[in-house]
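The values are calculated or read from the model by the stated rules, or taken from the named source; none is laboratory data. Just so we're clear, the structure is a prediction, and the values are computed from it rather than from any experiment. Positions of Cβ are generated from backbone atoms using ideal geometry, with glycine treated the same way; all protein chains shown enter the neighbour counts. For accessibility, only protein heavy atoms count, side chains too; no ligands or nucleic acids. Shrake-Rupley method; radii C 1.70, N 1.55, O 1.52, S 1.80 Å.
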Amino acid sequence: MIIRIIVAAILLITSFVLQGTVFEGISFAGTVPNLVLILTVSVGLMRGQKSGMFIGFFGGIIMDAFVGPTIGFYALILMYIGYANGYFNKIFFPEDIKLPLGMVIISDLFYGCISYMLLFLLRGRLDFSYYLLHIIIPECVYTILLTVPFYPLIFIINRFLEQQEQRRAKKFV
């Protein structure tokens, strides 16, 4: 359990740092991929609602601390995304990438729309079509392109951790 928490923390920090440094330098249409969202969706699908919720919350706290408008904004959004993706854990087949890709698309669109509503719409910026075409869709496309290499990596790490947990459990039986 402790090893899983340490690995999750390393993955969250690495995702955030890559998102803010490397991919900031190679932005696509002025947007960067949301690697923390990819991690949240993947963990929610692989491990269930609680794990997805915790990864989303702590990933959001990291984002709030460095780039968020207020503490808790991104944490709340990503926590709900992780929890909702955990519902699909029962129909999740690890080797099939279609469900994770679909859930990343839906989650990123939800993330973008909620961010628009709470950050821009309430301040009187009513041009949703501009925000959709210049922010939400390019970020979604870039995030989907990076889900293809990042999801298998997260899957391999999760499978390794599960094997380690099973070995430790056999020692105590």
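Please sort by residue number the trypsin sites (Lys or Arg not before Pro) in segment 125-173 whose DSSP state is loop and whose Cβ has at most 12 other Cβ atoms within 10 Å.
ARG125
Hey, if we sort ILE106, ILE135 by accessible area with the 1.4 Å probe, largest down, what's the order?
Accessible-area ranking of ILE106, ILE135, largest first: ILE106, ILE135.
Using +1 at the C-beta of Lys and Arg and -1 at the C-beta of Asp and Glu, which of SER107, HIS134, PHE23 has the Cα lying farthest in the positive direction of the dipole of the chain?
SER107
Using a 7 Å offset from Cα along Cα-Cβ at VAL67, what residues in segment 145-173 end up with backbone N under 12 Å from the label point?
Those under the cut-off are none; the list is empty.
Quick check on the chain: helices-only [θ] at 222 nm, where DSSP H runs of length 4 and up contribute -39,500 (n - 2.57) each and the sum goes over total residues. Nearest 500, please.
Result for the chain: -25000 deg cm²/dmol, rounded to the nearest 500.
May I ask which residue of MET63, PHE160, VAL41 lies farthest towards the positive end of the charge dipole of the chain, with charges of +1 (Lys, Arg) and -1 (Asp, Glu) on Cβ and the Cα centre as origin?
PHE160
Compute a Gaussian network model of the chain, connecting alpha carbons closer than 10 Å, and tell me which residue from LEU35, LEU101, LEU122 fluctuates the most.
The residue that fluctuates most here is LEU122.
Please find the FRET efficiency linking HIS134 to ILE13, where r is the Cβ-Cβ separation and R0 is fixed at 30 Å, and quote it to the nearest 0.05.
0.55
Express the carbon and sulfur contribution to the solvent-accessible surface of the chain as a percent, rounded to the nearest whole number, probe 1.4 angstrom.
The C+S portion of the solvent-accessible surface of the chain is 73 percent.
Where in segment 45-71 is the amide nitrogen less than 14 Å from a point lying 7 Å along the Cα-to-Cβ axis of LYS90?
Within reach of a label on LYS90: 48-49.
Under 23 Å between alpha carbons, and skipping anything fewer than 8 positions from LYS170 in its own chain: which lysines qualify?
none
Taking 35 Å as R0, compute the FRET efficiency from the Cβ-Cβ separation of ILE97 and ARG123 and round it to 0.05.
0.40
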